[in-house]
Amino acid sequence: MSADPAARAGAADLLLPGARGRVVTEDAVTTPRPGRSAATRAVLFLLAALALAGSVASAVRIGTADVGWTGLARVLGTHLGLGVEPLSPLVDSLIWDLRLPRVLTAALVGASLAVCGTVLQAVTRNALADPYLLGVSSGASAGAVAVVVLGVGASALGVTGGALAGALLSFGLLLSLLRRTGLDSVRIVLTGVVVGQLFTALTSLVLMASADADTTRAVTHWLLGSMAPARWNTVAVCAIVTPLGLLVAWLCSNALDGLAFGTDTAASLGIGVRRTRMLLLVVTATLTAVAVATVGAIGFVGLIVPHGVRFLVGPLHRVLLPYAALAGAVFLVWTDALARIAFAPREVPVGVITALLGVPLFLLVLRRRGEL
């Protein structure tokens, strides 16, 4: 590449996903956004981490029965063996067995969905890409419905296992179709939509043909997303899968920066495009499958969070991915808290709250980006 900055910029005048009409030079992908020094980003990251910790602690306290900070400290101290005086068994169980696993699951799922959305928006160069683009959510829904309505493998799998099996089946079908046609951005999007529609149709067919009114209502509630089933085993699974997925995506940061500019540019930088895309698709599908199998399909987290964070910290994925994970975790923790208390004692599916908040937020992001 020429050492002349003008020549170098002219060779790299490409558009970022969603940056229609704005020319972005190579310097925009190799240096942080102006005004965002390393020290500033470190401070912002520390503040985001503190915000997440504070959000988790606050969300555990609030609900139909509020618990004070002292009570929360006593519950944690009791289970950590610190020798504090325990609370009543009922309050202790409420905090330790119900609320804390639920809030931690919300944080981990929110981080997973935000990271998946960030990765897929770069891989597909589609500003509207989200974790459910690959049809994994529809496959998980079909698997859950097969267990609940038809009783397929009910004794061995359960709803979570059925959803995970359906998600993996849909992703396997996606890969088998893409193996013949290739892994370019347009084919990934179109094939994912087709696979998703197939499993959505199967889900509707099973519900219409076999389910009664109560079963249909229960399945619909699950499909809208709910943290209510979360327990410590749920936290354990998510705590293993989410950090590993984030780590793999972060190690591919440079490749994601290249893929955001297109296949040819990525290949010219020495990136193994097909291998990298396949790895990232597997990672995002696994994270999405675990999230959907655990809490159902929760929309908009993986769509709006990457755009908002990208606006704040810039497009470099080595910076963007950790911030997106933190922001997604905070967002879902508070939306789940709102779902619990907004219409108490009745609980609203968290997917409804994320949609109600996500639509105006996404329109605001588009307006700030000059696309609306």
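The values are calculated or read from the model by the stated rules, or taken from the named source; none is laboratory data. Note that the structure is a prediction, hence the values are computed from the model and not measured. Cβ coordinates were reconstructed from backbone atoms using ideal geometry, including for glycine residues, and neighbour counts include every protein chain displayed. Ligands, DNA and RNA are stripped out before the accessible areas are found, and what is left, the full protein with its side chains, is counted by its heavy atoms. Shrake-Rupley method; radii C 1.70, N 1.55, O 1.52, S 1.80 Å.
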Restricting the search to the range 272-301, which residues are in a helix (DSSP H, G or I), under 26 Å from ALA146 (Cα atoms) and of a type in the set (A, V, I, L, M)?
-> LEU281, VAL282, VAL283, ALA285, LEU287, ALA289, VAL290, ALA291, VAL292, ALA293, VAL295
Could you grab me the full set of residues in the range 183-202 that are in contact with a helix residue (DSSP H, G or I) (Cβ under 6 Å, 6 or more places away or on another chain) and assigned to a helix (DSSP H, G or I)?
-> ARG187, THR191, GLY192, VAL195, GLY196, PHE199, THR200, LEU202
ILE304 being buried (at least 24 other Cβ atoms within 10 Å of the Cβ), at pLDDT 85 or above, of a type in the set (Val, Ile, Thr) and not in a helix (DSSP H, G or I) = no
Could you pull out the residue among VAL109, VAL147, VAL103, VAL75 that is open to solvent by less than 20 Å² (accessible area, probe 1.4 Å), assigned to a helix (DSSP H, G or I), among the aliphatic types (A, V, I, L, M) and under 30 Å from ARG277 (Cα atoms)?
-> VAL109
Go through the residues of the range 225-237 one by one and say whether even a single one is under 25 Å from VAL348 (Cβ atoms), touching a helix residue (DSSP H, G or I) at 6+ places or on another chain (Cβ under 7 Å) and without any contact (Cβ under 8 Å) to a residue 40 or more places away in the chain.
-> no
Examine the range 334-345 for a residue that is open to solvent by 10 Å² or more (accessible area, probe 1.4 Å), over 24 Å from PRO101 (Cα atoms) and assigned to a loop (DSSP other than H, G, I, E, B), and state whether such a residue exists.
-> no
Which condition number does LEU361 fail, the rest of (1) in a helix (DSSP H, G or I); (2) open to solvent by 10 Å² or more (accessible area, probe 1.4 Å); (3) within 25 Å of GLY143 (Cβ to Cβ) being met?
-> (3)
Test THR288 against the criterion of being within 15 Å of LEU108 (Cβ to Cβ), polar (S, T, N, Q), over 10 Å from the mean Cα position of the chain (by Cα) and buried (at least 19 other Cβ atoms within 10 Å of the Cβ), and give yes or no.
-> no
Which one of these does VAL348 not meet: (1) in contact (Cβ under 8 Å) with a residue 60 or more places away in the chain; (2) of a type outside the set (Lys, Arg); (3) touching a helix residue (DSSP H, G or I) at 6+ places or on another chain (Cβ under 9 Å); (4) in a loop (DSSP other than H, G, I, E, B)?
-> (1)
Restricting to the range 318-330, what's the tally of residues that are open to solvent by 20 Å² or more (accessible area, probe 1.4 Å) and farther than 15 Å from LEU47 by Cα?
-> 1
Cβ pairs under 8 Å, 6+ apart, first in the range 47-75 and without any contact (Cβ under 8 Å) to a residue 60 or more places away in the chain, second of a type outside the set (A, V, I, L, M) and part of a loop (DSSP other than H, G, I, E, B) = ARG61/GLY68; ARG74/GLU85; ARG74/PRO86; VAL75/PRO86
The listed residue being out of contact with any Cys (no Cβ under 8 Å at 6 or more places or on another chain) and modelled with pLDDT of 90 or more, out of LEU52, LEU94, LEU90 | LEU52
Kindly indicate whether any position in the range 238-246 is open to solvent by less than 30 Å² (accessible area, probe 1.4 Å), of a type in the set (Gly, Ala, Ser) and not in a helix (DSSP H, G or I).
-> no
Complete set of residues in the range 252-268 that are of a type in the set (A, V, I, L, M, F, W, C), open to solvent by 30 Å² or more (accessible area, probe 1.4 Å) and touching a residue at least 12 places away in the same chain (Cβ under 8 Å) = none
Restricting attention to the range 154-169, does a residue exist that is open to solvent by less than 60 Å² (accessible area, probe 1.4 Å), among the hydroxyl-bearing types (Ser, Thr, Tyr) and over 16 Å from ALA293 (Cβ atoms)?
-> no
Can you name the condition, by its number, that ARG180 falls short on among (1) open to solvent by less than 80 Å² (accessible area, probe 1.4 Å); (2) assigned to a helix (DSSP H, G or I)?
-> (1)
Restricted to the range 208-227 and to residues being surrounded by 18 or more Cβ atoms within 10 Å (Cβ to Cβ) and among the aliphatic types (A, V, I, L, M), the residue farthest from PRO131 (Cα to Cα) is ALA211
